[in-house]
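Data block below; observations after.
The values are calculated or read from the model by the stated rules, or taken from the named source; none is laboratory data. Since we're looking at a predicted model, the values are computed, not measured. Quick reminder, even Gly has a Cβ in these numbers, built from the backbone with ideal geometry, and neighbours come from all protein chains shown.
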Number of protein chains: 2
Amino acid sequence: MSEENKSGIPLPTIRRLPLYASILFNARDGKQTTISSSYIAKELGLEPIQVRKDLAGIGITGQPRIGFPVVELIEAIEKFLGWDNTSDAFIVGAGNLGAALAGYPGFKKHGLNVVALFDCDYSKIGSKIHDKEVFDIERMGHLTERLGVSIGILAVPAEVAQAITNLMVDAGIKAIWNFTPTKLLVPNGIIVERVDLAASLAVLSSKLTAAIKGKKSN
Amino acid sequence: MSEENKSGIPLPTIRRLPLYASILFNARDGKQTTISSSYIAKELGLEPIQVRKDLAGIGITGQPRIGFPVVELIEAIEKFLGWDNTSDAFIVGAGNLGAALAGYPGFKKHGLNVVALFDCDYSKIGSKIHDKEVFDIERMGHLTERLGVSIGILAVPAEVAQAITNLMVDAGIKAIWNFTPTKLLVPNGIIVERVDLAASLAVLSSKLTAAIKGKKSN
DNA sequence: TAGATTGTTAATCGATTAACAATC
DNA sequence: TAGATTGTTAATCGATTAACAATC
């Protein structure tokens, strides 16, 4: 038990919530107080009924003829996704990608606060990247405990991904956002979510191949 | 028509192919000539039958009692995903993320060759990032045509994502790998695949919330 | 041969979509 | 009221999984 998505809300729905949020932010900025499922759907290329199902999932109901309350919806999504109370996170690996993630301005809005980076390269340790200090990875255990950090963003070379993951788990990290192409082995209870660039690129190129074939056969 | 995944292979299968490839590379390095679906499945936390279905999809059959031929499988996956003949690509946006992507060593293996970057910041134009030149975005149309590039990697700030996309489409880019949080509007026939960090983070935090709740209720 | 592993065919499962009554 | 938009209930769809005969 406790291996599965406990909230009862389908994962595809959860993935769409940030998209809804962005439409809703625009609506709020435009002083709209209500919004219809068909408007949201049109903006995102979805079906209205899917939008309604998804929104019902996080407990917001609309009013027939009126639509959904914009602000209430925003608050419900922010609460559900934890955007309202920020979690601290470490970035592990201060290379190209780690540095880019440290400078990414969007995380704050999404409830993620990067407090520090870790690396094992002495030329980086002690320096600052985007105003965040790079610590010796040896100190991760100590700092994880002291600062109560539970999220680690893994941005190291693939070759050392598993070894560094082990260090993160030992350090007390509970959730790993994995930017490496490695399928990580972790103990029960540790959460891993991978940003799978290879999968995304595979989809892109298969679409491209299909498009070219489609054109040729016309 | 031609809007859908024409290859007939389900998208989830396509996303798993790179995972299979990584297991197969290991097997080949270990001089294994055959591999069973249950071994692959165990390594990836999948069901053996799912692995067999997926592999059947790309046209490779195994032998009862023996398993699947490692090298043949690798070649089939590489061919299907276009890893065997490299496509050139531009990175548009030479900021933190664009620079990190320009230095990412994995693209070559996945059939993607970054030939140049584009930006509109004159302090960057003319410089080199990871040995790749940064060009004025004004020249994108010219260079897209001259070099026959069809893939653009979009790594600009969200605010300008749509505007730069329009430039890319005008320049002749056929497929956009979108690293921004923006849902892009593109003409028919232009392919967009988005790396949706917000969706991934949403899944991570909902899992984390569920895990904490689960623990509390125990 | 015996047994491991395959491919095929059918069942299940979960998400999406359709139909439509309810309602502001 | 009339009509737009909702929520509910049921149907569809596609992917996953199960059962099992085929086969090396």
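Per-structure values
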| read-out | value |
| --- | --- |
| Strands (runs of 3 or more DSSP E) (entirely within segment A:123-200) containing at least 3 residues that are in the same structural domain as A:L101 (by TED's automatic domain parsing) and more than 29 Å from B:S22 (Cβ to Cβ) | A:132-136 |
| Residue match in segment A:156-170 (condition: closer than 30 Å to B:I176 by Cβ, at the interface with chain B (Cβ under 9 Å from one of its Cβ atoms) and touching a helix residue (DSSP H, G or I) at 6+ places or on another chain (Cβ under 6 Å)) | no |
| Residues located in segment A:175-200, provided they are aliphatic (A, V, I, L, M) and either in contact (Cβ under 8 Å) with a residue 40 or more places away in the chain or closer than 16 Å to B:A199 by Cα (or both) | A:A175, A:I176, A:I191, A:V192, A:V195, A:L197, A:A199 |
| Hey, B:G148 in contact (Cβ under 8 Å) with a residue 40 or more places away in the chain and out of contact with any helix residue (DSSP H, G or I) (no Cβ under 7 Å at 6 or more places or on another chain) or not | yes |
| Boolean, A:G141 is farther than 25 Å from A:K79 by Cα, free of Cβ contacts under 8 Å to residues at least 60 places away in the same chain and either surrounded by fewer than 22 Cβ atoms within 10 Å (Cβ to Cβ) or touching a strand residue (DSSP E or B) at 6+ places or on another chain (Cβ under 8 Å) (or both) | yes |
| Unique residue being within 12 Å of chain B (Cβ to nearest Cβ) and hydrophobic (A, V, I, L, M, F, W, C) when the list is A:A76, A:A102, A:A116 | A:A102 |
| Condition met for B:G111 (assigned by TED's automatic domain parsing to the domain that holds B:G172, more than 13 Å from DNA strand D (Cβ to nearest atom) and under 30 Å from A:F107 (Cα atoms)) | no |
| Residue list for segment B:61-76, filter: surrounded by 17 or more Cβ atoms within 10 Å (Cβ to Cβ), of a type in the set (A, V, I, L, M, F, W, C) and within 11 Å of DNA strand C (Cβ to nearest atom) | B:F68, B:L73 |
| Those residues of segment A:41-60 which are within 14 Å of chain B (Cβ to nearest Cβ), more than 10 Å from DNA strand C (Cβ to nearest atom) and in contact (Cβ under 8 Å) with a residue 24 or more places away in the chain, in sequence order | A:L44, A:I58 |
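For (1) at pLDDT 95 or above; (2) touching a helix residue (DSSP H, G or I) at 6+ places or on another chain (Cβ under 9 Å); (3) aliphatic (A, V, I, L, M), each residue gets a yes or a no:
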| position | (1), (2), (3) |
| --- | --- |
| A:N113 | yes, no, no |
| A:C120 | yes, yes, no |
| A:K132 | yes, yes, no |
| A:I173 | yes, yes, yes |
| A:V186 | yes, yes, yes |
| A:L197 | yes, yes, yes |
| A:A202 | yes, yes, yes |
| A:N218 | no, no, no |
